[in-house]
Structure formats: C-alpha cells, structure tokens
Amino acid sequence: MNCIIIDDEPLAIEVLSGYCKKLGFIEEVGSYTNPLDAISVIKEKQVDLIFCDIEMPQISGLEFISALENRPYFIFTTAYSQYAVEGFELNAADYLVKPIPYHRFIKAVSRVKELMALKEQPIKPMAANVFPSHGETTENQKFIFVKSEHESVKINLDDIQYIQGLKDYLKIHIVDSNKTILTLLSFKELLDKLPPNQFIRVHKSFVVNVNFIRTVQRNRIVIDDIRIPIGDSHKAQFFSSLGI
C-alpha cells in the first residue's frame, strides 16, 4: 500500500512516517507541508492512501480532499475533533485525533487494507428473491446474510446500530462490539433486506437503526457517543417517520 502524508507540522509528519516504517505493508512515497505540492504525485504515482491534516494555512484538508478527482482512500489526522462529521461526510476511511496512538494508526491502516482487498474481489450476482424487498420484510425475519471477504456473514438485525457508506462498500456497525462488517453491497441492495420501520436512511452515507437512537438534534443523531449527520434531503422524511 503506497501512502503520502500531508501536514503543515513537520513533527506530525515525522510521527506518521515512523509509524509507516514499523508496518510491513505500507510504504510512504511522499510527505508535504503544502497540500498543493502533493497534487502531482497523486496524479502521477499509484497512491492508495492519504494521511491529511485539516487545519493548514494554504488550504484546509477538507477543501483539498473535496477538490480531488478519483481520490484515493484517505484518513484525516487532526488535533481537532469537531471536524469529524464533515470528515465522514467526505467518506473518510478514518479520523485520527492527535496525538495519534500507534494502535489507532494500525487499526485505521488495517481497515483501509481490508477495504482494498474487498474492492479487488469480483462481485458475483446474488440469486433473485433470496430476500424480501424493502417493505416486505416479514415479522419473523430477525437476521440477514451479507457477503464479506470470502464468506457470507449472518447478522442479527437487532445488533446493527448503523450502516456507513464509504465509496463502493458499506461498513455495518455492530452493537456491544468493536467489530464492523465490510461488504460491497450498495445502500439500495442492503435496504432491500432491512425492515423499513426499523432502518431509516438519514444521509447519503448513513442508515440508522432507530432502536439505538439516543437523542435527535437539528442536524445530527446521537447513537452511543457517535454523532451522525442528518442530510437535508432526508431530514423531512426522517423526522416524519419518528413523529417529530
């Protein structure tokens, strides 16, 4: 996996560069204090992953990533947690808050490695009518199967807290566990398997299980300590479905 590091603080670059050298499957091919200097290497070389700071004097990391066409996977690295929602709205693979512990770095990079492996797998068409369509889920349906890596994984519906869309795959977050399940299904394909009274799409990148919603704010939902944005195009339907 080839990566580049973008941060206006040389010490932050040094820390991430050192972390990369400790791992056997990631190679740093460039580091930059000015994001604009990284554009040429992204276009000319095979860059799989970008570590990008957010608050930088020339251009913010959010603006830089937003402007990239055919962007690689990217992980935001910042001292400020308040940008997390905006970061995940851009489909960031992860969001690391400085000072970054080595174990969190490993977890974030390993996640990208898994996503790359998933993307390389050929997608086989599923048999028709294996699952009821969205809105036709029966009362007795308590689980679904999804393809993840080389196997079909059984997931209890009541264990799904929320589903996050990242590029060509979905990340299914499971309750009472650090486990997430990655699948190449689209949101439409997955929603066809889920009961509509329990799972609601609240954003282009998020579907939530209403049973896990702790509080609802004007533009966000709180599940445990996770703040999930509510998209403008989904807001009216979401509030209506909850009777708010």
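The values are calculated or read from the model by the stated rules, or taken from the named source; none is laboratory data. The structure displayed is predicted, hence computed values, not measured ones. Glycine also receives a Cβ, built like all others from the backbone with ideal geometry; neighbour counts cover every protein chain displayed. We work out accessible area using only protein heavy atoms, side chains counted, and drop any ligands, DNA or RNA first. Shrake-Rupley method; radii C 1.70, N 1.55, O 1.52, S 1.80 Å.
In table form, for the structure just shown:
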quantity	calculated
Environment charge of K45, counting only residues whose C-beta is closer than 13 Å and scoring Lys/Arg +1, Asp/Glu -1	-3
Shape category assigned to segment 1-118 from the gyration tensor of Cα positions, a/c cut at 1.5	rounded
Listed peptides 213-225, 67-79 by packing density, highest first (mean Cβ within 10 Å)	67-79, 213-225
Relative contact order computed over the chain (Cα-Cα under 8 Å; 6+ residues apart), in percent	11 percent
Beta bridge orientation in the chain: antiparallel %, DSSP, nearest 5	65 percent
Net charge of Cβ neighbours under 9 Å - reference T180; Lys, Arg +1; Asp, Glu -1	+3
Where labels lie 7 Å past Cα in the beta-carbon direction, separation of V29 and M116 in nm	1.0 nm
Anisotropy class of segment 63-122 from Cα gyration tensor, a/c 1.5 cut	oblate
Solvent-accessible area of E114 with every protein chain in place, 1.4 Å probe, in Å² to the nearest 10	90 Å²
Length gained when the stretch Q217-K154 is fully extended (0.36 nm per residue, less Cα-Cα span)	19.4 nm
Euclidean distance between Cα centres, segment 164-220 to segment 95-117, Å	21 Å
Set of lysines with alpha-carbon distance to K45 below 21 Å, sequence-local pairs under 8 removed	K21, K113, K119, K167
